[in-house]
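Take a look at the structure set out below.
The values are calculated or read from the model by the stated rules, or taken from the named source; none is laboratory data. On a predicted model such as this, the values are computed, not experimentally measured, just so you know. These area figures cover heavy atoms from the full protein model, side chains too; ligands, DNA and RNA do not enter into them. Shrake-Rupley method; radii C 1.70, N 1.55, O 1.52, S 1.80 Å.
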Amino acid sequence: MVKKLTVQSAYELAKERYAAIGVNTDTVLDQLQKISLSLHCWQADDVTGFENPNATLSGGIQATGNYPGKARNMEELRADIIKAASLVPGQHRLNLHAIYGDFGGKFVDRDQIEPKHFESWMKWAKENGFKLDFNSTSFSHPKSGELTLGNPDPDIRNFWIEHTKRCRAIAEAMGKYQGSPCVMNLWIHDGSKDQTVNRMKYRELLKDSLDQIFAIKYDHMKDCIEAKLFGIGAESYTVGSYDFYLAYGAKNNKIVTLDTGHFHLTESIADKISSLLLFTPEIMLHVSRPVRWDSDHVTIMNDDTLDLAKEIVRCNALDRVNIGLDYFDASINRIGAYVIGSRATQKCFLQALLEPLSLLRDYEAKGQYFQRLAMLEEDKALPWNAVWDMFCLKNNVPVGEDFIADIEQYEADVTSKR
Ligand code: RNT
Ligand code: ZN
């Protein structure tokens, strides 16, 4: 166990070290405290949901691995989320997908869902200190096929329009109930495996579907639209591409969701932040880790995530960026996966907040580029970890690697018995 006294004295030294370059670590701790992550409920059960326990995941996404202990029902999923959140410092949100409704053991089709199917979630969330976010679910359904909101078949397209409209109404009910806007993300997998000669047609249909879906104005929810590059089995064309949603969002004042796995692998997501913020109201992030493709590996504290966090802080945009996580690894302890990814994301934001920005900007203004680069390099090795440990200590969660033992214990007591 990391000793409290060790954390406190290391923090005092770090505080002094950062003060020398004009950074107040106490202020940074307060800023970090205000950053809420939106934890994705679907990490606990490999994106299965409660519509049908034998559902197979479709829509070009995959959770690979077969680690024992996956949550099999709502009770287990809720318990796992509470456990994960107890090991992550701070107050966080929970991101639900439409297939996670409380359907009371009955089959409720997607064009029939209502706020009442999420009432128990709303109450549970309130009791446990979470605010809810929401997602429509177009995948893993007999009507999913290759095309949903972009489908030329009016029956199928209308089914999904109805589903998505209902999801917005549910998000509105959640937002009202919890007194904090519910952020609703719309992602569809529409695309085609091989070359299509109708790129325009499906996009026209999607645009029209979105116009219909967004016709009602709500006050307690926020709409996000998530683009993608390709999916498994939909490699040649994606109807909802980045250009498509960027243009739609800029024109219709909608939030564009940036999933860090949805771009060419060498593309910088960080560089998109400032451009988007000039033309769209806010940003929704799906923080993930693509390994060679949109593999949804557990988020870690890598350069991509650090760059993203730094860019958001440098844009002074923390209040305009909603930070959601989106990965699903079924090959390791799933609660551990939540905790690693959440804490890694927070560590990135912490380092971003600790950056000696005014000093760096001063160098830049004076054309002192050697000094700027030197400081950026030195910054990497400053004792941010002592500030992180203090943040964990203050929040009463395990410091450093101590959370490993907690997860092992939960595995021995709970998940291994499933
Ligand atoms: C898929 C998208 C989408 C999903 C979730 C489950 O590539 O990233 O956000 O991961 O809706
Ligand atoms: Zn995503």
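Across 5 Å bins from the origin, how do the percents of Cα pairs in segment 199-275 run, short distances first? In order of increasing distance, the bins hold 3, 13, 23, 25, 17, 13, 4, 1 percent.
Ignoring ligands, DNA and RNA, what percent of the accessible area of segment 159-203 is carbon or sulfur (1.4 Å)?
On the way: 950 of 1860 Å².
Whole-percent figure for carbon plus sulfur exposure: 51.
Quick note on segment 261-418: its Rg to Rh ratio, both from C-alpha atoms and Rh being the Kirkwood radius, is 1.02.
Give me the percent relative contact order of segment 43-172, please, defined on Cα pairs under 8 angstrom at least 6 residues apart. Spell out each step's value before the answer.
Values: 140 pairs, mean separation 37.6, N = 130.
Here the relative contact order equals 29 percent.
Rounded to the nearest 10 square angstrom, Glu146 shows an accessible area of 100 square angstrom against a 1.4 Å probe. Of the listed residues Arg334, Arg320, the order by accessible area with a 1.4 Å probe, largest first, is Arg320, Arg334.
How large is the translational diffusion coefficient of segment 262-352 in µm² per second when you combine the Kirkwood radius over alpha carbon pairs with Stokes-Einstein at 37 °C and 0.692 mPa s?
Working: Rh = 13.5 Å.
Estimated diffusion coefficient is 243 µm²/s.
Set the Cα radius of gyration of segment 358-418 against 2.2 N^0.38 Å, with N its number of residues, and you get 1.94.
Ordering Asp223, Asp155, Asp30 by how much accessible area each has at a 1.4 Å probe, largest first, what is the list? Intermediate values should be presented prior to the final figure.
On the way: Asp223 15, Asp155 115, Asp30 85 Å².
The ranking, largest first, comes out as Asp155, Asp30, Asp223.
Pairs from the list Lys193/Lys222; Lys272/Lys366; Lys254/Lys310; Lys106/Lys143; Lys251/Lys380; Lys131/Lys254 with a Cα-Cα gap above 28 Å: Lys193/Lys222; Lys251/Lys380.
Rounded to two decimals, the Cα-based Rg/Rh of segment 1-141, with Kirkwood Rh, is 1.12.
Solvent-accessible surface of the chain, taken per residue with a 1.4 Å probe and all protein chains present: 44 Å².
Given N residues in segment 238-304, what is Rg(Cα) / (2.2 N^0.38 Å)?
On the way: Rg = 12.3 Å, N = 67, 2.2 N^0.38 = 10.9 Å.
Taking N as the residue count of segment 238-304, the ratio is 1.13.
Calculated mean residue ellipticity at 222 nm for the chain: -13500 deg cm²/dmol, from DSSP H runs with n ≥ 4 weighted as -39500 (n - 2.57), summed, divided by the residue count and rounded to 500. The Cα atoms of the chain cover 65, 55, 39 Å along the three principal axes, with the biggest extent listed first.
With an 8 Å Cα cut-off and a minimum separation of 6 or more residues, compute the relative contact order for segment 94-164 in percent.
Numbers: 58 pairs, mean separation 27.3, N = 71.
Normalised by residue count, the contact order of segment 94-164 is 38 percent.
For segment 134-249, relative contact order (Cα pairs under 8 Å, six or more residues apart, normalised by length) works out to 32 percent. Listed by number, the DSSP H helices of the chain that run 20 Å or longer by alpha-carbon position along their axis and have mean Kyte hydropathy of at least 0.0 are 334-353. Largest accessible area first, the listed residues Met375, Met301 line up as Met301, Met375 when surface is computed with a 1.4 Å probe on the assembled protein chains.
Given N residues in segment 1-42, what is Rg(Cα) / (2.2 N^0.38 Å)?
Details: Rg = 14.3 Å, N = 42, 2.2 N^0.38 = 9.1 Å.
Rg over 2.2 N^0.38 Å, computed on Cα atoms: 1.57.
Pairs of Cα atoms in segment 185-337 fall into 5 Å distance bins, from 0 up to the last occupied one, in shares of 2, 9, 17, 21, 19, 16, 10, 5, 1 percent. Show log10 I(q)/I(0) for segment 68-207 at q = 0.12, 0.22 Å⁻¹, two decimals, from a solvent-free Debye sum over equal Cα scatterers. For segment 68-207, the Cα-only Debye profile gives -0.56, -1.32.
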